[in-house]
Every structure is written in C-alpha cells, then in structure tokens.
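First the structure, in the form of structure tokens, and then the observations on it.
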Amino acid sequence: MAIGASSQSLVVRVLVLTGAGVSAESGIPTFRGKDGYWRNLDPTKLATPEAFARDPQLVWDWYRERRQRISDARPNAAHEAIARLAQCTDDFLLVTQNVDDLHARGGIPAQKMVRIHGDIFVTRCSRCEFERYDYEHDHEEGIPKCSQCTALMRPGVIWFNEQLSWNELQRVENFLDGGVCDVVIVAGTTATFGYIIDWALRGSRDGGELIEVNPEATPLSQFATRLVREPAAIALPKLVEEFTESSPQI
Ligand SMILES: [Zn+2]
C-alpha cells in the first residue's frame with residue numbers, strides 16, 4: 001500500500017503508538033532494564049507520587065538529570081521517519097508514552113501528537129492548577145514552590161498509579177471514533193499498559209494492518225499482522241519509505 005498516493009481517493013488513516021524504545025536510540029535510558037537505574041534506584045519506584053511525598057528533593061534531582069540528558073539528545077531516524085509519515089498521511093495521530101520532546105523536535109506538530117504521559121519540561125503545582133514550562137528554571141537546585149499557593153511544584157509527567165489526563169485521553173478517543181485506521185504502528189514499547197494494547201486493537205479493527213516494531217516479543221505480538229524485530233531507528237525509515245513511495249509513473 002502506498003500511503004499518500006494522490007492518484008487514490010482513499011482516505012488514509014494512520015495511528016502510531018511509541019514508547020521508550022524509540023528514544024533509547026537517542027541515548028535516553030528506558031526505565032526498565034539495567035540502564036534505567038539511577039544511583040542504584042529503580043526508576044519505576046522513583047516515578048511515583050509516593051516517592052515524591054517521601055523525598056521530593058531526590059525525585060527532583062533525578063528529573064533534572066533526565067531533563068539535561070534530553071536537552072543534550074537529538075531526534076534519531078525513527079523520530080524523523082514518523083514525522084515524514086505524518087506529513088504525507090491524510091489523517092494521522094501519534095500517541096507517545098515518552099515525556100521527552102524528541103518527537104516534537106523531530107518534526108511532529110502538536111496537533112498530530114498526544115503525549116499521554118505528559119511533558120518532562122512542564123513543572124506543575126502539586127496542589128493547584130498552576131504550571132509553567134521549565135527550560136528557563138533548570139538552574140534551580142532545591143524543590144520549586146508554587147508562586148500562586150506556595151505548595152511544592154512537581155514534574156508535569158504522569159507517574160505510575162496516576163490517572164491519565166482526561167483531555168489527552170479524549171483526543172485519542174476522538175481519533176479512534178473518527179474511523180478505522182488503515183495502518184497502526186506500535187514501536188519501541190513493551191505494551192505493558194492495557195490502554196496501549198486496547199488502542200492498537202481498536203485502531204486496527206475491521207482489517208487494518210497492525211505492525212509491531214520491537215526487537216523482542218510483547219503481549220501485543222500475538223495480535224499483530226506484521227512483526228518487525230528490529231530497533232525502531234532501523235525499522236521505521238524502511239517501513240515509512242515502503243508506505244510513502246509514490247505510485248509508479250504511467
Ligand atoms: Zn499552587
């Protein structure tokens with residue numbers, strides 16, 4: 001299938017779901033696996049409301065280090081391939097679990113992307129609605145306090161055991177309600193969260209292609225119509241080229 005082939009009037013809808021594996025190739029450690037450990041601490045235990053309540057300074061130290069690492073990183077071939085796909089698809093949505101800004105820097109416009117686990121560069125109040133975008137405060141060292149209510153500020157990400165943002169969930173639901181997808185690509189995620197599997201299956205219902213890009217098998221693999229057992233930065237440029245190559249000239 002050639003997506004974006006202008007000779008076809010077919011409306012092409014594509015949903016892409018990405019996870020930490022896509023950013024790992026830009027040098028952002030995943031939470032799971034030995035590279036994710038920080039000062040011998042397990043990130044899946046640091047990224048929790050309980051850890052913040054117990055030791056907000058420790059959690060902030062870790063997040064500032066991650067922010068710095070992300071600022072120093074660059075989008076890789078996977079981010080760029082997904083942005084190309086977005087450009088030449090009629091109806092496109094990227095849902096990323098990554099809190100870094102590499103998809104945005106790779107060229108995906110905000111209206112075509114849902115950052116379901118938040119944005120690491122947002123700092124928000126732990127009590128009121130106040131939040132700020134935080135490149136400019138990164139030199140701080142202590143625990144930031146809210147300028148509106150003086151409560152502790154926290155990173156604007158969704159932690160384990162926290163609710164997803166209703167607004168962002170609604171954007172995914174609206175896209176899924178808008179029709180079936182011709183192609184769903186799930187890349188670089190172990191699909192641990194039930195909602196990722198749910199969206200992938202709903203998006204590809206009624207005969208859509210469900211492609212999994214992951215070096216290892218995941219709970220989603222059994223449902224995929226195509227498995228690509230390669231890292232995202234290797235697999236996605238080839239896949240996108242295959243989908244976007246123009247119709248043969250007559
Ligand atoms: Zn506040």
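Computed from the coordinates by the stated procedures, all read-outs in this text should not be read as laboratory data. As the structure is a prediction and not an experimental result, all values here were calculated from the model. Note: ideal-geometry Cβ built from the backbone for every residue, glycine included; neighbour counts use all protein chains shown.
Distances between placed amide hydrogens fall under 5 Å for Asp91 paired with Val12, Val14, all partners being 5 or more residues away or on another chain.
Residue-normalised convex hull volume from the C-alpha trace of the chain: 129 Å³ per residue. What the phi angles of region 50-62 give under the Karplus curve with 6.51, -1.76 and 1.60, with θ = phi - 60°, is a coupling list of 5, 5, 5, 5, 7, 8, x, 5, 4, 5, 5, 4, 5 Hz, glycine and proline written as x. Phi-derived couplings, Karplus 6.51 cos²θ - 1.76 cosθ + 1.60 at θ = phi - 60°, listed residue by residue for region 146-155: 5, 6, 9, 9, 6, 5, 5, 8, 9, x Hz, with x used for Gly and Pro. Can you pull out the trypsin sites (Lys or Arg not before Pro) in region 125-189 whose DSSP state is coil and whose Cβ has at most 14 other Cβ atoms within 10 Å? The qualifying sites are Arg127. Once backbone amide H atoms are built at 1.01 Å from N, Ala151 has Cys146 as its partners under 5 Å, excluding neighbours fewer than 5 places away on the same chain. Across the options Thr150, Leu220, Ser165, the greatest Cα extent toward the positive end of the charge dipole of region 140-250 (unit charges at beta carbon of Lys, Arg, Asp, Glu) belongs to Thr150.
Two numbers describe the Cα atoms of region 64-181: Rg and Dmax, which are 16.0, 48 Å. Scalar couplings 3J(HN,Hα) for region 127-135, obtained by applying the Karplus form with A = 6.51, B = -1.76, C = 1.60 to θ = phi - 60°, are 10, 9, 8, 5, 8, 9, 8, 10, 4 Hz; x denotes Gly and Pro.
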